[in-house]
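The values are calculated or read from the model by the stated rules, or taken from the named source; none is laboratory data. All values derive from a computational prediction rather than experimental measurement. Don't worry about glycine lacking a Cβ; one is built from the backbone with ideal geometry, like all the others, and counts go over all protein chains shown. Surface areas here come from the heavy atoms of the whole protein model, side chains and all, with no ligands, DNA or RNA. Shrake-Rupley method; radii C 1.70, N 1.55, O 1.52, S 1.80 Å.
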Number of protein chains: 2
Amino acid sequence: MTVRSRVLAAVAAVGALMTTTPTAHGDEGMWLFNAPPLAQLKAKYNFTPDAQWLEHVQKSSVRFNSGGSGSFVSKTGLVMTNHHVGADDLQKLSTNEKNYLRDGFHAKTAAEEIACKGLELNVLQSIKIVTDEVTAAVTPDMAPADAFKARQAKIGAIEKANADPAKGVRADVVTLFAGGQYHLYVSKKYTDIRLVFAPEKGIAFFGGDADNFEYPRYDLDVCFFRVYEGGQAVAPEHFLSWSEAGSKEGELIFVSGHPGRTTRQNTIAELEYQRDTGYPYLLTRLNRLEVLINSWVQRSESNRQKGEEELFGIQNSRKARIGGLAGLLDPALMGRKVADEERFRKFVTASAATADAAKAFDTIAAAEKLRATLVKDAGFYANGSAFNTAYFGMARTLLRAGDEKPKPAAERLPEFGDAKLQSLEFALFSDAPHYDDFETLKLADSLTMLAGHYGMADPLVTKVLAGKSPRDRAFALVSGTKVKDPAVRKKLYEGGKGAIDAANDPMIDLAKLVDAKSRELRKEFETKIDEPKRAAYAALAKARYQMDGDKTYPDATFTLRLSYGTVKGYQENGQAVPAFTDMAGLYERSKSQGNKDPFELPKRWEEKKAKLDLKTPFNFVSTADIIGGNSGSPVINAKGEVVGLIFDGNIQSLVLDFIYDATEARALSVDSRAIVEALRKVYDAGDLADELQAKK
Amino acid sequence: MTVRSRVLAAVAAVGALMTTTPTAHGDEGMWLFNAPPLAQLKAKYNFTPDAQWLEHVQKSSVRFNSGGSGSFVSKTGLVMTNHHVGADDLQKLSTNEKNYLRDGFHAKTAAEEIACKGLELNVLQSIKIVTDEVTAAVTPDMAPADAFKARQAKIGAIEKANADPAKGVRADVVTLFAGGQYHLYVSKKYTDIRLVFAPEKGIAFFGGDADNFEYPRYDLDVCFFRVYEGGQAVAPEHFLSWSEAGSKEGELIFVSGHPGRTTRQNTIAELEYQRDTGYPYLLTRLNRLEVLINSWVQRSESNRQKGEEELFGIQNSRKARIGGLAGLLDPALMGRKVADEERFRKFVTASAATADAAKAFDTIAAAEKLRATLVKDAGFYANGSAFNTAYFGMARTLLRAGDEKPKPAAERLPEFGDAKLQSLEFALFSDAPHYDDFETLKLADSLTMLAGHYGMADPLVTKVLAGKSPRDRAFALVSGTKVKDPAVRKKLYEGGKGAIDAANDPMIDLAKLVDAKSRELRKEFETKIDEPKRAAYAALAKARYQMDGDKTYPDATFTLRLSYGTVKGYQENGQAVPAFTDMAGLYERSKSQGNKDPFELPKRWEEKKAKLDLKTPFNFVSTADIIGGNSGSPVINAKGEVVGLIFDGNIQSLVLDFIYDATEARALSVDSRAIVEALRKVYDAGDLADELQAKK
């Protein structure tokens, strides 16, 4: 999964699932820009966005391909996102002398802006429905493997025909409604992205893992980049202007962003797989990584700088999964899903037109059963979790490039397809830093996990370890490989299979050793699980259309969506949680926790306290339907102005990405007023505030 | 296991394992006080402790039944141990206003000393060999279950005959050499233990989990209690005096303490089980608990106070197990074990007298195979890890008391045997505090783990959860149970089965629900794994005697042992690590880590720096053979004087509790000079220093 799960599912009202009427209620939904929820908005809010409004918001929205959302917020290419979306880049740009992740950054002039390595932003330009074209490539008599190949080939062809790499035009065929629809998304791609401003991590992630997914909160989780092209800051066709007044309780707001993944159409069989196998296993691995990296990071400041961003991502995922699992284990929530499936099964059984769907439930159940038996093998080998180092990923990409590139495009592994190749090369040739000690730590641990799972006597484990202990083997691999050098990677990649075979590199040799097994498991997963499920879910999605009409929206796919909702507090254990926090509350929370990490305020915030208007709203909650990937999404009022910045969901919003419960679930935002107040009074960044407020 | 693994295995020279000569070499060995290593000491150090020396050291040594070691160090009953051994009590004695664990404690007068709840100390008075008596209870024709019962009955009878609860005399039959020998240990038991002095946790555990098991170190890991009886401080028959000069490099030292558990006689089959199943599974659970409690503890100061001691124990175990597993995964170390077993098997095969031993290898291998299939079930139900709250333990003890107490002593579960009953009651009636929120957290997580392992559809899981989510079920159980009240526990216990059955308590009902399964799994483990292994290891131990004579010592059993060694630095990655650190080094380490947690110095240490002699030795290393349970053991010179205090082992000593490698493995001690310097100059505790140095 390329999407980081930063922000978790908040959702909207679905009491209806227990009845026989359809699904999207209240503020539920992650809507497509080419199928916006006009009826719902009209009915509940008496608001109808016109085509210009939609185009403006769409083209102001930015996707961070590293996993997150953002928006153009000035006429000179300023992009706003979360600090935690920019954190990878902040860390990569840091040096022993300058720790931008910890201490923040502010470029006072264009010359001081720093170019990020390997960061790609996309801005969606157009959507075209290509469902008929894609589905026509598959005939009913095809075996699943052939169907998969045929579909991939068609998708590759459409993408190639519509992409224009030279002009930075990217084309992606997006699978929606589990294969029920295919849409062609053409985007403008930017790769010259420069860092403009970031606050200290201590205020961006105030409360740390302890307060993560909690509310009330006090996080200035914001970060600004500027987009360049041809050496010039871009003047975007569309950008969002800054609200003068900010939002208020009860106000309608919109969120435009890239929710990563939801599983709201999943059958009970799949949910049970997740509950009983998938989530528990994932949590086991996350726990292991968290303990490993946390204890290493604490040994020295240098370790901290190398590992803290990865640790932060792991802790975040862990907390999210714990929340998700808690939902799956809640008989009340699962009961509602069961009731919904019963309603759906009744509909499917009653209609001859949905014969495919009737079989789909069994197909999915069988696939989930197989998945439970394959998930660990596939995790270790196909996903490479047994070889947890960036160098292994590079080695494998090189090895496979040698094998895949000579093939016709349609027969390659999807990531080597023509449309994707440029992004793959961009990532492979990135000279973002890695650290041998950190890579050794992770590789040694993952080899230990491999040995613990299969036992030391397993023949492939024996070959992988080559007579060494996991620690010694990891040290030998990491210190011995030359793929850590971007120039070597480039040379080998360009030299093709001959050069790669002759490289005599221990990490490439390891990738080679396990590649047959890795590919076999991947293929088994794709052909026996993914493809049958894709077909089954497509049949179900079709049947659901027949049942519920167009009142539905597809599961999230890390593509641009529009959500809406109300700024609104909630009740928790009988106590009212207000919609807004303010700057005074920040200082109180820090004091009550002894001003100690993770509640320690950055020095500047102590020093500038007297200058601040402590009544400035800091964070607020709303009922907008968001999930991981929405991090950095602008919160917009009906006039299309920025009033906030999505950065998290509360713990109740973790109840699941699979079902909604809006009673307490809320999306968390940084208030736009806090951003401007902090820029002006804490960071002496009046120029930036002026740019946002179009005062210069 | 009742022994906490605080300090890990250091060991001694075993190059000999590769040859055909026997085992104990160099400074190896955790020797029995009734079979001390006189020949080795004479040969290597030209030193022969006489009977008086041995008796003096033995009766000055103290066992902390909470898991650790200590020693009498003054004529008025002062006992020295580690801060981390006393930490449970420091936490229990703390209040919202006074955090003794974090801030330290010093009773300036006897009246200020605080009584600890539930703490029991033992001082070994005599050892008697009862092997013949115990083994005579078992005849060769008995089935394993009957043999087990007969042996337990005999042991119970011996313990009962020799104990005198009214006079605080405790009797324990100790199983040594895996059942090759049984010794009766008669101890004086003390339960009125009062806290006298503890430093801040920040200096006791300076470097925290980050520096744990590392060297060089700078930890003042010391804590003093005073033992009372009949309202008076005891005047112990024996106590250790304080060395004037302290130790120096190359000096012979002794360690008298209670190593918890070693597995040096384990067969390759058992080591492979640990490597491939036992350790990986244990680490999975430790990782899970560490993440759970660490994230909870960080939410508030109140959480920290409730959970940090448990967290510390978990992190410590985790690091120890990672080190142990690394050793098991090291082909070089395992190769030496394999070679040793080959030598042993050859000996066994060659002699008709060891026919039992020849079969023993297969018996153990079969038992380990079964263990791998049962370990998780037994962990969840028999050990109760599915119900991770102190309240469940109380409920189960009450439930079983109702069933067991009416039985004849010989037929009861061992913990309800006459000799053990008093300790069980003491623990059950303790009013040490527990916290509902913390108990709910742990119980909810363990129920989640249970559901994740068996699946929600499992019939017993369904009954355990009773239609609720793990969170809701845990909340209902913890908030609903009355066993949290010591008075209720006492009343139910005294009321017997009738009262317990009528209690209508949700936690007792839960214990009842799973008790059949729990007992069945426990019985299966005991009769099909533990008992056959016990017999097999007894045969092996006997055969090893025949092979190696009395040059061996038994595996550790949390009973008093004598180790010896040399104060000695070592080489690491080609660099010399000196034997001693000093106070100047403490301040340097703190500064280089930004004086931040866990390297933040307590305020007093900053303020008093100028007064200190910074050349005072702080910690030192030696080759003494120690392991978890030795924490708090005195380090004694040849004159029987205190020169240090064992508190840890270095990371190299983690290579295993199953094989020795003295090249780098070292025991870590607090230097006695640092203790006195700190007491006098940092803590204004000259009175206590005077008491130690017998100046008052």
Residues satisfying the stated conditions in the stretch A:555-613, i.e. more than 29 Å from the chain's Cα centre (by Cα) and within 14 Å of chain B (Cβ to nearest Cβ):
A:ASN573, A:GLU588, A:ARG589, A:SER590, A:LYS591, A:SER592, A:GLN593, A:GLY594, A:ASN595, A:LYS596, A:LYS603
Where residues in the stretch B:443-461 are more than 10 Å from chain A (Cβ to nearest Cβ) and open to solvent by 10 Å² or more (accessible area, probe 1.4 Å), which of them is nearest to B:VAL514 (Cα to Cα)?
B:LEU460
Just give me the residues in the stretch B:185-212 being of a type outside the set (Val, Ile, Thr) and closer than 30 Å to B:ASN34 by Cα, in sequence order.
B:TYR185, B:SER187, B:LYS188, B:LYS189, B:TYR190, B:ASP192
Members of the stretch A:462-495 found to be away from every other protein chain (no Cβ under 14 Å), assigned to a helix (DSSP H, G or I) and either aromatic (Phe, Trp, Tyr) or surrounded by 21 or more Cβ atoms within 10 Å (Cβ to Cβ) (or both), listed by number
A:LEU477, A:VAL478, A:ARG489, A:LEU492, A:TYR493
Scanning the stretch A:556-586 residue by residue, those touching a Pro at 6+ places or on another chain (Cβ under 9 Å) and open to solvent by 30 Å² or more (accessible area, probe 1.4 Å) turn out to be A:THR557, A:PRO578, A:PHE580, A:ASP582
If we keep only residues of the stretch B:268-279 that are crowded, with 20+ Cβ neighbours inside 10 Å and facing another protein chain (nearest Cβ under 9 Å), then the residue nearest to A:ALA451 (Cα to Cα) is B:ASP276
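Yes/no matrix, rows are residues, columns are (1) more than 14 Å from chain B (Cβ to nearest Cβ); (2) open to solvent by less than 10 Å² (accessible area, probe 1.4 Å):
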{"site": "A:LYS188", "(1), (2)": "yes, no"}
{"site": "A:THR191", "(1), (2)": "yes, no"}
{"site": "A:ARG194", "(1), (2)": "yes, no"}
{"site": "A:GLY202", "(1), (2)": "no, no"}
{"site": "A:PHE205", "(1), (2)": "no, no"}
{"site": "A:GLY208", "(1), (2)": "no, yes"}
{"site": "A:PHE213", "(1), (2)": "no, yes"}
{"site": "A:PRO216", "(1), (2)": "no, no"}
{"site": "A:VAL222", "(1), (2)": "yes, yes"}
Among the residues of the stretch B:323-332, which ones are within 25 Å of the chain's Cα centre (by Cα) and part of a helix (DSSP H, G or I)?
B:GLY323, B:GLY324, B:LEU325, B:ALA326, B:GLY327, B:LEU328
Any residue that is at pLDDT 95 or above and more than 19 Å from B:THR262 (Cα to Cα) - is there at least one of those in the stretch B:626-635?
yes
Selected residue [among the charged types (D, E, K, R), surrounded by fewer than 21 Cβ atoms within 10 Å (Cβ to Cβ) and at pLDDT below 90] from A:ASP418, A:ASP436
A:ASP418
Residue in the stretch B:585-597 that is polar (S, T, N, Q) and touching a helix residue (DSSP H, G or I) at 6+ places or on another chain (Cβ under 8 Å) present:
yes
Filter the stretch B:370-402 for residues that are free of Cβ contacts under 8 Å to residues at least 12 places away in the same chain and open to solvent by 40 Å² or more (accessible area, probe 1.4 Å) and give the result.
B:THR373, B:ASN383
Search the stretch B:307-317 for residues being hydrophobic (A, V, I, L, M, F, W, C) and more than 10 Å from chain A (Cβ to nearest Cβ), and hand back the single one that is surrounded by the most Cβ atoms within 10 Å (Cβ to Cβ).
B:PHE312
Could you list, in sequence order, all residues of the stretch B:498-529 that are among the charged types (D, E, K, R), part of a helix (DSSP H, G or I) and under 24 Å from B:ASN388 (Cα atoms)?
B:ASP501, B:ASP509, B:LYS512, B:ASP515, B:LYS517, B:ARG519, B:GLU520, B:ARG522, B:LYS523, B:GLU524, B:GLU526
When you check B:ARG288 against the structure, is it part of a helix (DSSP H, G or I), facing another protein chain (nearest Cβ under 8 Å) and among the basic types (Lys, Arg), yes or no?
yes
Answer yes if at least one residue in the stretch A:318-338 is charged (D, E, K, R), at the interface with chain B (Cβ under 8 Å from one of its Cβ atoms) and surrounded by fewer than 20 Cβ atoms within 10 Å (Cβ to Cβ), and no otherwise.
no
Look through the stretch A:164-186, keep the residues that are closer than 22 Å to A:VAL227 by Cα and either outside any strand (DSSP E or B) or not hydrophobic (A, V, I, L, M, F, W, C) (or both), and return whichever of them is most open to solvent (accessible area, probe 1.4 Å).
A:LYS167
Of (1) among the polar types (S, T, N, Q); (2) touching a residue at least 60 places away in the same chain (Cβ under 8 Å); (3) more than 14 Å from chain A (Cβ to nearest Cβ), B:SER302 satisfies every one except (3)
Which residues, counting only those in the stretch A:226-271, are charged (D, E, K, R), farther than 29 Å from A:LEU329 by Cβ and assigned to a loop (DSSP other than H, G, I, E, B)?
A:GLU237, A:GLU244, A:LYS248, A:GLU249, A:GLU251
Taking B:ALA419 as the residue in question, decide whether it is touching a Pro at 6+ places or on another chain (Cβ under 7 Å) and farther than 17 Å from B:LYS497 by Cα.
no
Quick check: is even one residue across the stretch A:119-131 in contact with an Asp or Glu (Cβ under 6 Å, 6 or more places away or on another chain) and either free of Cβ contacts under 8 Å to residues at least 24 places away in the same chain or within 30 Å of A:PHE312 (Cβ to Cβ) (or both)?
yes
I need the full set of residues from the stretch A:339-369 which are among the β-branched types (Val, Ile, Thr) and crowded, with 16+ Cβ neighbours inside 10 Å, in order please.
A:VAL348, A:THR354, A:THR363, A:ILE364
